[in-house]
Amino acid sequence: MTQSELAAHAAIDADTVSAVEAGGGTITVLVAILTVLGAKVDGHDPTELGSWLRNARVGKGLSQQCLATKAGISKPTVIGLERGRGHVASFTAAVNALGVDIRLDLTLRSATALRDVERDKFAVVQGDAQSVLSEFPDHHFHACVCDPPYGLTEYPSELVNQIVATWVKEHDFDFSRQRSYLNADWDGGLPQPSTWRQVHRVLRPGGYLLAFAAPRTADLLTLSLRLAGFEIRDQIAWITTNGMPRTQDVGRMLRRRVMRAAVKDVQGVDHDVQHRHGGEPVNLARRRYPVAGARMRSKYTVHLSAMHSSFTLSRDNGSLLATAAEWDGHRAALKPAHQVVVVARRPLEGLLLDNVMKFGAGTLNVDACRVHGEDGLHRYPSNFVGDIGPEFAKHFFAPRATSREKDRYLPTGMINSHPTVKPVELMRWLVRLVTTPGAMVLDPFMGSGTTGIACMSENRQFIGIDMKDEYVEMARCRIHGWR
């Protein structure tokens, strides 16, 4: 766990963590840190640190004043320490004066997760994926099925060159200044090769990794996986015909520019303020572009004829407005109708058969994923799945997750706010494809836990990791309900 992660969990700042690690800070902060780390003080809760000091003093046969004298601190300070208050430096002086050792028992998050899996068949862990995975042993998971951040930001060639050059040198690229279309810091960049190396390490040789990706950033995800040691085996296309194109019409954009420039140049008003026919002000930021019939967030609609009657266009602006018609219907992107699932594998050790016999991994479970058609045939699964129309439904059908499915088993008042929830049936198919019953599946970017739900439905074990507390709790509720 990094200092920043520890500070966030303990509700303190990173500088305070640094101060405690350097021997400063207060007992209260030290107890908070030890609690987050799951540490025990000679088998006792960290909140009993004061009691531990008092018992150690009594065991040595010393009075509070005697201990204060030996430690070079005051008696009130000793009293405060034994009540769980004071400074770490004073506590250290008292412990040194007593000549005793403190035994801290630290339970790793991996150990807690494995106990949870033994009891419930699943475990969810809060924290950074790379940090949490570092606590797990080698070759522990049979497969990894995940939906990592897509990093849907702009990638000019200069930025791509910097990213690749940094990764090749085995360093992490700083994505902190990148923002996705969701304006979320967690989706500003792609998982680094250093994170995938940890996934590579904990996977068994031959273990498959399935990772969702957006078509325009799948190349960077694939490169990141290759640099971490994975071999790329295939790509699965998940067809989603109800995607929404997020792009503007160039003709409309040009009309907007002309109208705003005309209002500012002819009437001398600010370009962000328009006047409705009759003189009532309209804030352009509160409406869509003013074309005939365009809806506004205010109580009325602006029409081009009404706008033209309020001012006269210059020759240049009039020419541009005429040009706008030529660009009607021109946009910068297609309708998004599929997502990519990158199929990667940790390299085999020796021959495929030997690897399977030794590690129980390395193959695709084809028969468990055959498509049962209405004609009675069980077709070999292909590398595309999704909502592709009734004439092809015999191959596979995996619509987007509904609100009802997302919120199922969540406590009253809790709503699944995760923006990229995948459908359970699709995840069940993917889990079956790369594992056999009883296998251990990893999802280092768990989100609201759909992979875990799929594992419970398919009789697999599951460990999921996510950085956000709200998603960890959400996933725990959903997986437990489906279990």
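The values are calculated or read from the model by the stated rules, or taken from the named source; none is laboratory data. Treat the numbers as computed from the prediction; the structure is a model and nothing was measured. Here the Cβ positions follow ideal geometry from the backbone for every residue, glycine too, while neighbour counts run over all protein chains shown. Note: areas computed on protein heavy atoms with side chains; ligands, DNA, RNA excluded. Shrake-Rupley method; radii C 1.70, N 1.55, O 1.52, S 1.80 Å.
Listed by chain and number, the aspartates and glutamates placed with their C-alpha closer than 12 angstrom to that of Lys358 are Glu349; residues fewer than eight positions away on the same chain are left out.
Each residue of the stretch 194-201 was assigned a 3J(HN,Hα) from its phi angle through the Karplus expression (A = 6.51, B = -1.76, C = 1.60, θ = phi - 60°), giving 4, 5, 5, 5, 5, 4, 4, 5 Hz with x at Gly and Pro. Approximating the spin labels as points 7 Å out from Cα along Cα→Cβ, the Lys40-to-Thr69 distance works out to 3.8 nm.
Do the alpha carbons of any pairs in Lys335/Lys468; Lys40/Lys75; Lys40/Lys70; Lys121/Lys422; Lys335/Lys422 sit beyond 24 Å of each other, and which pairs? Pairs exceeding the cut-off: Lys335/Lys468; Lys40/Lys75; Lys40/Lys70. Considering all C-alpha pairs of the stretch 98-161, those separated by over 15 Å amount to 71%. Residues in the stretch 165-171 carry Karplus couplings, in order, of 4, 5, 5, 4, 7, 6, 10 Hz; the curve used is 6.51 cos²θ - 1.76 cosθ + 1.60 with θ = phi - 60°, and Gly or Pro positions show x. The average projected area of the stretch 36-123, computed from the convex hull of its Cα atoms over all directions, is 6.4 nm². How large is log10 I(q)/I(0) at q = 0.19 Å⁻¹ when the Debye formula is applied to the Cα atoms of the stretch 112-213, each weighted equally and without solvent? For the stretch 112-213, the Cα-only Debye profile gives -1.07.
Net charge of the neighbourhood of Tyr208, taken over other residues with C-beta under 9 Å away and scored Lys/Arg +1, Asp/Glu -1, is +3. Close amide H contacts of His338 (hydrogens built in the peptide plane, cut-off under 5 Å, sequence separation of 5 or more or a different chain): Thr240. Here the stretch 315-387 has 56 percent of its accessible surface on carbon and sulfur atoms, given a 1.4 Å probe and all protein chains in place. Amide H contacts under 5 Å for Thr217: none, restricted to partners 5 or more places along the chain or on a different chain, H placed in the peptide plane at 1.01 Å from N. Percent of Cα pairs in the stretch 1-154 per distance bin of 10 Å, from zero to the largest separation: 10, 31, 27, 18, 10, 4, 1.
Around the amide H of Phe384, modelled in the peptide plane, lie the amide H atoms of Ala237, all under 5 Å away and 5 or more residues distant in sequence or on another chain. Computed from phi, the 3J(HN,Hα) profile of the stretch 146-157 under the Karplus parametrisation 6.51, -1.76, 1.60 (θ = phi - 60°) reads 8, 10, x, x, 7, x, 7, 10, 7, 10, x, 4 Hz, with x in place of Gly and Pro.
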